[in-house]
Amino acid sequence: MEVPTHVTIIMDGNGRWARQKGQRRLYGHKAGTDSVRACCEYAVEHGIRYLSLFAFSEENWNRPADEVAGLMELMFKSVLGERETFRKQNIRFLVIGDRSRLSAELLRNIDMVQEETAANTGLTLIVMLSYSGKWDILQAAQRYADDCLAAGRRLPLDETGFAGYLATAGIPDPDLMIRTSGEQRISNYMLWQCAYTEFYYTPVLWPDFRKNDLEEAILSYNRRERRYGKVD
Ligand code: FPP
């Protein structure tokens, strides 16, 4: 089995999973952290280099305040609670997204764990937090414009150069994008980065997603032929 270098997951269906059980939405998000752990374990066991998880979009800020607060607290606890796992499993932890909307306390903890794990050489686990694809492309364009202004001229720019301005700079584009819960949309996720990504959709709701589901996605990826626009 060929293991993709970068697997990214749109974790969807927590709310529906909770409703099916007659519970509040946050109950589903909490259960979703077990799926996160299972996928990390699988990634470590199989040598996946990058696992990125869409945890909170720019649009998610519009959800009811108590759900947003609950989700942020969950992130906060998860980041702090997994420090020992990151150390033992040699995991490098990164958070990518619009930092200006995150609380100072959450940022402090994120930075601490990022620094602590910066030299780890195993799996790179990326939490996409307060992230959206259009936001990313816009902030890249703004930073490129700033560099042009500072240089006093229009600087040369190609695809590789532009990718260097994206929030995901230095991280290879995803090979496989998985979305759970039966939705078949990209939902303003990594728009630039997913140009040649293979998409895999599953009806499984995120809190039910386990190692065997991830393996099924990877097996499906293995059966595909990636041509990048060429003929063979
Ligand atoms: C989508 O389900 C899920 C989210 C918006 C949040 C995902 C967050 C976690 C699983 C928390 C833990 C994450 C980490 C990285 C520790 P939804 O609420 O849109 O579900 P619905 O479509 O059924 O309403």
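Derivation of every value follows stated rules applied to the coordinates shown; laboratory data play no part. This structure is a prediction, so every number in the text was calculated from the model and none was measured. Cβ atoms come from the backbone with ideal geometry, glycine included; neighbour counts cover every protein chain shown.
Taking segment 1-65, which trypsin sites (Lys or Arg not before Pro) meet the DSSP loop condition and have no more than 12 other C-beta atoms within 10 Å?
K21
For K211, give me every one of the lysines with a C-alpha distance below 26 angstrom, ignoring sequence neighbours fewer than eight places off in its own chain.
By straight Cα distance, K211 reaches K21, K30, K77, K88.
Over all directions, what mean area does the Cα convex hull of segment 1-134 project, stated in square nanometres?
8.8
Which order do C40, C194, C148 fall in if you start with the one that has the fewest other Cβ atoms within 10 Å?
Lowest count first: C148, C194, C40.
Starting from segment 137-232, pick out the trypsin sites (Lys or Arg not before Pro) whose DSSP state is loop and whose Cβ has at most 11 other Cβ atoms within 10 Å.
R153, R154, R185, R223, R224, R226, R227, K230
Scanning the chain for GluC sites (Glu not before Pro) in DSSP loops with at most 11 other Cβ atoms within 10 Å, what's the longest stretch left with none?
3-224
Anyone know which of L214, L155, L191 comes out most mobile in the 10 Å Cα GNM of the chain?
L155
Name all residues of segment 6-24 having a backbone nitrogen under 20 Å from the label point set 7 Å from the Cα of T160 along its Cα→Cβ direction, giving them as ranges.
Flagged as within label range: 6.
Quick test of the membrane-span-like rule: which DSSP H helices of the chain reach at least 18 Å along their long axis (C-alpha atoms) with mean Kyte hydropathy at least 1.0?
none
For the chain, what is the convex hull volume of its Cα atoms per residue in Å³?
Convex hull of Cα atoms, per residue: 139 Å³.
Hey, in the GNM for the chain with a 10 angstrom Cα cutoff, which one of A167, A151, A119 fluctuates hardest?
Result for the chain, Cα springs under 10 Å: A151 fluctuates most.
Rank N14, N222, N62 by mean-square fluctuation in a GNM of the chain with C-alpha springs under 10 angstrom and give only the top-ranked residue.
N62
Out of the chymotrypsin sites (Phe, Trp or Tyr not before Pro) in segment 107-197, which ones are loop residues according to DSSP with at most 14 other C-beta atoms within 10 Å?
Here the chymotrypsin sites (Phe, Trp or Tyr not before Pro) that fit, given the DSSP loop and packing criteria, are Y196.
With a 10 Å Cβ neighbour count serving as the proxy for reagent exposure, in which order, fewest first, do D146, D12 appear?
Starting with the residue having the fewest Cβ neighbours, the order is D146, D12.
Counting other C-beta atoms within 10 Å, which of H6, H46 has the fewest, and how do the rest follow?
Starting with the residue having the fewest Cβ neighbours, the order is H46, H6.
Could you please state, rounded to a whole Å, how far the C-alpha centre of segment 143-185 is from the C-alpha centre of segment 24-70?
23
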